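The values are calculated or read from the model by the stated rules, or taken from the named source; none is laboratory data. Just so you know, these numbers come straight off a predicted model, no measurement behind them. Glycine also receives a Cβ, built like all others from the backbone with ideal geometry; neighbour counts cover every protein chain displayed.
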Amino acid sequence: MIQNLPSLSCFILFSLYSIAQSYSLSSELKEISGLEVINDSLLVAHNDSGNSPHLYLIKPNGEVVTKVLISNAKNIDWEDIAADSEYLYIGDIGNNSNKRKDLTIYRIRIPELALSDQVTANKMQIAYADQKDFPPSENERNFDSECLISAYGFLWIFSKNNSKPFDGNSRVYRFKFQKDSSISIPVYSKIDFGKDGYYFDTPTAGDFQNDTFYFSTYNRYLSYKLNGTNFNLLSEKKYPKYNQKEAFTIKDSTIWVANEYNKLLGGAKLNQMRLK
């Protein structure tokens with residue numbers, strides 16, 4: 001399952017997290033699926049498929065400060081948001097049925113969010129070079145994604161495997177944003193998150209900090225280092241409660257992870273976790 005494990009001491013160091021605070025989210029964010037840090041007092045979030053193309057600026061306690069409409073965007077299935085020093089990137093990359101041909105990345109300059117309640121985004125269309133059929137056969141349905149990360153000057157997409165039989169393999173795609181373009185992106189690498197199935201071993205969000213990739217699933221979060229094209233596991237830590245966690249971000253020693261409303265699993269919440 002895991003290759004090239006680091007030393008036990010490294011594993012322990014990266015595993016010492018605990019939930020510090022939990023906040024209920026407004027009904028405006030009951031389908032939260034993307035989360036990113038703007039600064040020490042502000043985060044940005046969005047909902048997933050079928051909702052309006054708005055970004056929500058929220059406080060670390062989940063309180064909505066304002067919302068910003070992206071005027072030239074559609075929320076077909078927004079699944080994650082990433083950031084570099086200048087831009088936010090929204091991944092309209094949800095593809096449960098594995099048959100979409102309109103996957104889109106939206107880019108917005110971060111300072112524009114403070115200037116108006118409406119902005120215009122740059123757009124980029126993407127396709128996976130290894131997908132030939134729409135949809136593919138059941139044993140090849142690995143072209144959905146809920147995880148977009150900005151790292152090392154690239155954007156990274158990590159697939160959410162829905163193949164049958166399930167093999168735990170997440171495909172990794174790496175590319176640079178190209179305004180007003182349409183590109184086909186090849187597979188860069190892969191990660192094996194485990195063999196326990198779609199609801200446990202598929203990445204639903206992620207972030208990057210200090211040369212470390214972080215991923216969240218419904219039941220745990222994991223950290224990896226990249227060595228060449230290999231992702232080497234540093235740690236994994238189970239969440240105290242299983243629910244539909246689809247938004248995750250990290251800043252310094254703080255992690256925020258949010259779950260959607262689910263009538264069986266509870267209301268939408270923003271959990272703040274700290275590194276001990």
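A few points about this structure:
- Selection count, the stretch 59-85, where residues are touching a residue at least 12 places away in the same chain (Cβ under 8 Å) and closer than 24 Å to residue 155 by Cα: 17
- If you go through the stretch 49-63 and keep only what is acidic (Asp, Glu) and either assigned to a strand (DSSP E or B) or within 23 Å of residue 151 (Cα to Cα) (or both), you end up with nothing.
- Residue in the stretch 211-226 that is under 22 Å from residue 152 (Cβ atoms), touching a residue at least 40 places away in the same chain (Cβ under 8 Å), touching a Cys at 6+ places or on another chain (Cβ under 7 Å) and buried (at least 17 other Cβ atoms within 10 Å of the Cβ) present: yes
- Flag if residue 193 is more than 16 Å from residue 154 (Cβ to Cβ) and aromatic (Phe, Trp, Tyr): yes
- Scanning the stretch 96-118 for residues that are free of Cβ contacts under 8 Å to residues at least 60 places away in the same chain and aliphatic (A, V, I, L, M) yields a count of 4.
- Residue in the stretch 191-209 that is within 25 Å of residue 271 (Cα to Cα), of a type in the set (A, V, I, L, M, F, W, C), modelled with pLDDT of 95 or more and not in a strand (DSSP E or B) present: yes
- Annotation: of all residues in the stretch 189-210 being among the hydrophobic types (A, V, I, L, M, F, W, C) and closer than 24 Å to residue 97 by Cβ, the one that is surrounded by the fewest Cβ atoms within 10 Å (Cβ to Cβ) is 200.
- Residue in the stretch 29-36 that is under 20 Å from the mean Cα position of the chain (by Cα) and among the β-branched types (Val, Ile, Thr) present: yes
- Taken together, the residues in the stretch 18-57 that are under 22 Å from residue 208 (Cα atoms), in contact (Cβ under 8 Å) with a residue 40 or more places away in the chain and crowded, with 16+ Cβ neighbours inside 10 Å amount to 14.
- Restricting attention to the stretch 64-84, the residues that are over 11 Å from residue 45 (Cα atoms), under 15 Å from the mean Cα position of the chain (by Cα) and not in a loop (DSSP other than H, G, I, E, B) total 1.
- Contacts under 7 angstrom Cβ, first residue in the stretch 119-141 being more than 25 Å from residue 56 (Cβ to Cβ), partner buried (at least 18 other Cβ atoms within 10 Å of the Cβ) and of a type in the set (Gly, Ala, Ser), 6 or more apart: 138/163; 139/163; 140/163; 141/163
- Each residue in the stretch 149-165 was checked for being closer than 19 Å to residue 228 by Cβ and among the hydroxyl-bearing types (Ser, Thr, Tyr), and 1 of them qualify.
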